[in-house]
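Let me begin by presenting the structure, written as structure tokens, before commenting on it.
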Amino acid sequence: MDEFNNPFAALNSEGLPPGKPGLPPPPAPKRNRGRVDIIRSKAGRGGKTVTVVKNFVGIGLPEKEALAKKMQKTCGTGGTVKDGQIEIQGDQREAIKRILEEAGFQPVFAGG
């Protein structure tokens with residue numbers, strides 16, 4: 001049997017761009033921003049359903065307004081921030097849950 005013939009033995013790395021020094025650092029873990037409750041409500045609204053998100057801890061009004069705007073755009077409905085709660089028109093609990101999870105919150109369905 002002849003000696004092993006390696007077709008790549010004559011190749012070298014001259015003229016090639018430098019390789020990457022290593023793998024990128026792993027992404028930072030999402031911090032837990034606390035539990036928030038998602039409630040479907042009809043009371044005092046003329047029979048219309050709204051989805052209410054409440055019990056935010058440690059975030060201010062500007063961030064709540066930004067979250068509300070993102071929820072409105074995703075759900076294609078109106079909404080507001082009132083008394084420290086986010087109110088979105090219609091039963092939008094599943095879509096709102098996904099948005100809150102992406103923002104680092106732990107959403108919990110509560111009530112009706």
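Computed from the coordinates by the stated procedures, all read-outs in this text should not be read as laboratory data. Note that the coordinates shown come from a computational prediction; the quantities given were computed from them, not determined experimentally. Cβ sites come from the backbone with ideal geometry, for glycine too, and all protein chains shown count toward neighbours.
Quick check: net charge around T77, other residues with Cβ under 13 Å of its Cβ, Lys/Arg +1 and Asp/Glu -1?
+3
Show that you can apply the helix-only estimate: for the chain, add -39,500 (n - 2.57) for every DSSP H stretch of four or more residues, divide by all residues, and state [θ] at 222 nm to the nearest 500.
-7000 deg cm²/dmol
Just tell me the longest site-free run in the chain, where the sites are GluC sites (Glu not before Pro) in a DSSP loop having at most 12 other beta-carbon atoms within 10 Å.
Longest stretch, sites excluded: 15-112.
Nothing charged except the Cβ atoms of Lys and Arg (+1) and of Asp and Glu (-1): what's the magnitude of the dipole of the stretch 27-112 about its Cα centre? Round to the nearest 20 debye. Write down the numbers at each step before the final one.
On the way: 17 positive and 9 negative charges, 11 e Å.
Its charge dipole is roughly 60 debye.
Can you tell which of C75, G104, G15 lies farthest toward the positive end of the dipole of the chain, using +1 and -1 charges on the Cβ of basic and acidic side chains (Lys, Arg; Asp, Glu)?
It is C75.
Determine, for K97, K54, the number of other Cβ atoms within 10 Å of each Cβ, and report the residues in order from fewest to most.
Exposure proxy ranking, most exposed first: K54, K97.
Relative contact order, percent, of the chain when contacts are C-alpha pairs under 8 Å separated by at least 6 residues? Let's see the in-between values first.
Working: 141 pairs, mean separation 34.1, N = 112.
The value is 30 percent.
Rounded if a/c is under 1.5, else prolate if a/b is larger than b/c, else oblate: which is the stretch 35-109, with a ≥ b ≥ c the root eigenvalues of its Cα gyration tensor?
Working: a/c = 1.45, a/b = 1.40, b/c = 1.04.
In terms of gyration-tensor shape, rounded.
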